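Asks: Quick one: the structure is below, questions incoming.
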Ligand code: GTQ
């Protein structure tokens, strides 16, 4: 027998001696290192906006956007506290800009997405162009582009920041710089990138260059119209309802190469079939209310049930089953690391036969 106490003692002694040379026995951790199926070390999580908003507004009295650089409350996964991670690969936070404030210009190699949760009329400037943001708009800040944000409206603006901070940290490829001025010089008229790239047309000499999309605001009005028409035209997908992915029109890929972004309409009375995929996801509720069972079994039992309303946020871990249920119509925005997983031939889904 190899598992006698003498055997175990001999092994422990061996591990200690090889430990002194910075070595370890694979056979003690093989199962965790090469698991038969994903074993995510993080949990489903939910932030109700009703609970979060007072703290967000309180932060507005504690520090200015200028002093904070970015006044953000990070949404940390309860099992990843201290890491600034919503999932092991994704950062999420809620950013507040009060009327009259400016979040000064900087750039970094991390890519960012903004999903507008509350308010209307603040701008973000990216690479010399400003765009005014409204609720439900999806805005991108590609890697290493200068960006500043300002609020010239009379109401607070809150948006969800999604960044690939954990991914860039894993690669140790993070660089950042502050701008010389708080606000970057505006060199192109508002709507310029939209005109050139957002109508099923491209500038005739456009050369595919960087992976990020040349469009930087995908307005909700257009997304919502597309979903409404889709819903009119046919039955929902049993797992997703009516779901679209945002696209870089110049290459067909995701607008941000490291993060996929999605919008789905769940029609009134819809209950989705259990579905799971290897990309952990962060959701932002745009319209309506409902509940999502996360991590239940194939028969739709067990797991955690999150009851969500407009402006809530929740996290679905990798390979956890998702089932949405709504009474009225609802719209959900989400983002994940799916484009990276697809590039690496890692992404998988399980539609439970649907
Ligand atoms: O707006 O540039 O939530 O650099 C975290 C880091 C937002 C931003 C965040 C950032 C930003």
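Asks: Expressed as an acute angle from 0 to 90° and rounded to the nearest 10, what is the orientation of the C-alpha long axis of helix 220-233 relative to the principal long axis of the chain?
Replies: Compared with the principal axis, the helix lies near 70 degrees.
Asks: While we're on this one: Using only the Cα atoms, what convex hull volume per residue in Å³ does the range 251-320 have?
Replies: Roughly 114 Å³ of hull volume per residue.
Asks: Taking the chain as a Gaussian network, where each spring joins two C-alpha atoms under 10 Å apart, which residue of 269, 179, 209 fluctuates the most?
Replies: Greatest mean-square fluctuation among the candidates belongs to 209.
Asks: Okay, next question. Can you give me the Cα centroid spacing of the range 31-80 and the range 122-136 in angstrom?
Replies: One Cα centre to the other: 24 Å.
Asks: Estimate the FRET efficiency between residue 228 and residue 132 by the formula 1/(1 + (r/R0)^6), using the beta-carbon distance for r and 22 Å for R0, to the nearest 0.05.
Replies: Efficiency, rounded to the nearest 0.05: 0.45.
Asks: Separate question: In the chain, if every C-alpha pair distance is counted and binned at 20 Å from zero, what percent goes to each bin?
Replies: Distribution as computed: 27, 54, 16, 3 percent.
Asks: If you average the C-alpha positions of the range 137-203 and of the range 207-230 separately, how far apart do those two centres end up, in angstrom?
Replies: 15 Å
Asks: Cα centroids of the range 9-23 and the range 281-350: how far apart, whole angstrom?
Replies: Each part's Cα centre sits 44 Å from the other's.
Asks: Let me ask you something else. What is the order of 218, 197, fewest Cβ neighbours within 10 Å to most?
Replies: Going from least to most buried by this count: 197, 218.
Asks: Let me ask something else about it. Kindly put 144, 308, 27, 47 in sequence by how many other C-beta atoms sit within 10 Å of each C-beta, fewest to most.
Replies: The fewest-first ordering by Cβ neighbours comes to 27, 144, 47, 308.
Asks: Could you tell me how many degrees, from 0 to 90 and to the nearest 10, lie between the Cα long axis of helix 5-19 and the main elongation axis, the longest principal axis, of the Cα atoms of the chain?
Replies: The answer is roughly 50 degrees.
Asks: Give the angle, between 0 and 90 degrees and rounded to the nearest 10, that separates the Cα long axis of helix 49-62 from the longest principal axis of the Cα atoms of the chain.
Replies: Long axis of 49-62 versus the principal axis of the chain: about 70 degrees.
Asks: Okay, next question. With runs of 4+ DSSP H residues as the only contributors, calculate the mean residue ellipticity of the chain at 222 nm using -39,500 (n - 2.57) per run, divided by the residue total and rounded to the nearest 500.
Replies: The helix contribution divided over the chain gives -5500 deg cm²/dmol.
Asks: Right, another one. I want to verify a result. In a Gaussian network model of the chain, Cα cutoff 10 Å, which of these has the top mean-square fluctuation: 257, 208, 40?
Replies: 208
Asks: Pick from 202, 33, 96 the residue whose mean-square fluctuation is largest in a GNM of the chain, springs joining Cα atoms under 10 Å.
Replies: It is 33.
Asks: Additional query: So if each residue of separation counts as 0.36 nm, and I subtract the Cα-Cα distance between residue 12 and residue 81, what length gain in nm does that give?
Replies: 21.6 nm
Asks: Please compute the Kirkwood hydrodynamic radius of the range 1-96 from all pairs of different C-alpha atoms, in Å with one decimal.
Replies: 17.8 Å
Asks: Just rank 306, 52, fewest to most, by other beta-carbon atoms within 10 angstrom.
Replies: 52, 306
Here, each number is a calculation from the coordinates, and none is a lab measurement. Fair warning: this is a prediction, and the values are worked out from it, not measured in the lab. Neighbour counts are summed over all protein chains in view; Cβ atoms, including those assigned to glycine, are modelled from backbone coordinates with ideal geometry.
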